[in-house]
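Below is one structure; the comments refer to it alone.
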Amino acid sequence: MKLYVDPITVNCRKVLAGFELLDIDYQPVFVDLLHAALPVLADGDLVLFEPNAILQYAAEKAQRSAFYPADRTTRAEIRRWMLWESSSWYPSCYILMVEGSVKPRLGQPADKRILAEQEKNFHRLAHTLDDCLSRHPYLCGDQMTLADLVVAAPLYLHPYQKLPIEHHLYLERWLTESMSCLPCWNPVRERASSHAMSREDITMVLFDN
């Protein structure tokens, strides 16, 4: 399998970390985000985009049941969280990051209307996570799954994104004590840093720390 990525982006980092977590055998192909929609997985005649679809396919093909259990109920829960992340959670986190962190670094004023709307939306979504994590340590129960990694990915740079997770106790604890310290992020961080060094400053501001 070939994985086309630009490791400075959130969605590419998500897939790279997921492949590390799942111990997937693949060939990375590094592409500039400005020249392609990424990430993309090529496996024979299959060309697959959308990061969460890529992770599901790779986990199923490699039969990595430790983080993607084969039982139908757990997989349904994992898929639910992955769909929720791509449709609701990631967009909210991204908009807040741009308005609350990126624009100020570029000397541009944040759009106060958008910021207020997304802060309200973020807290609503974060409450969903907080409620779930108040009942068990991970999103699908007592064991970490691929769902946890996917939902944590938009918060990967939380110290710099200025997302208000401190208002959500269980979410903050899950992120800081269980997710951010996972070893699978280390090679992703190294790749992102090495690629960011060759980019213009604006790209580093947008996607790196």
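The values are calculated or read from the model by the stated rules, or taken from the named source; none is laboratory data. From a predicted model like this one, the values you see are computed outputs, not experimental measurements. Methodologically, a virtual Cβ is constructed for each residue, glycine included, from the backbone with ideal geometry; neighbour enumeration extends over all protein chains shown. SASA here: full protein model, heavy atoms, side chains in, ligands and nucleic acids out. Shrake-Rupley method; radii C 1.70, N 1.55, O 1.52, S 1.80 Å.
Below is a table of values for the structure above.
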quantity	calculated
For His158, solvent-accessible area (1.4 Å; no DNA, RNA or ligand), Å²	40
Size-normalised alpha-carbon gyration radius of region 1-63, reference 2.2 N^0.38 Å	0.99
Whole-percent pair-distance distribution, where bins are 10 Å wide, for the alpha carbons of region 51-171	13, 41, 29, 14, 3, 0
Average accessible area per residue (Å²) across region 1-40 - probe 1.4 Å, nucleic acids and ligands excluded	40
Where Phe19, Phe30, Phe67 fall by accessible area, highest first, once all protein chains stay in place (1.4 Å)	Phe30, Phe67, Phe19
Separation in nanometres of the label points that stand 7 Å from Cα toward Cβ, at Asn186 and Asp45	4.2
Cα-centred dipole magnitude for region 1-76, charges only on beta-carbon of K, R (+1) and D, E (-1), debye, nearest 20	220
Accessible carbon and sulfur surface of the chain relative to its total accessible area, %, 1.4 Å	52
Cα convex hull volume per residue for region 98-137 (Å³)	59
Net charge dipole size for region 1-150 [Lys, Arg +1 and Asp, Glu -1 on Cβ; Debye, nearest 20]	360
Accessible surface of Val40 - all protein chains present, 1.4 Å probe, nearest 10 Å²	30
Selection from Phe122, Tyr138, Leu182 lying farthest towards where the dipole of region 111-185 points positive, charges on Cβ	Phe122
Dipole in debye (nearest 20) - region 38-124, about Cα centre, beta carbon charges: Lys, Arg +1; Asp, Glu -1	280
In nm, spacing of pseudo-spin labels at Arg79 and Glu60 (7 Å Cα→C-beta vector)	0.7
Helix-only mean residue ellipticity at 222 nm for the chain, each DSSP H run of n ≥ 4 adding -39500 (n - 2.57), per residue, nearest 500	-14500 deg cm²/dmol
Label point distance in nm, Glu177-Arg124, each placed 7 Å from Cα along Cα→Cβ	3.0
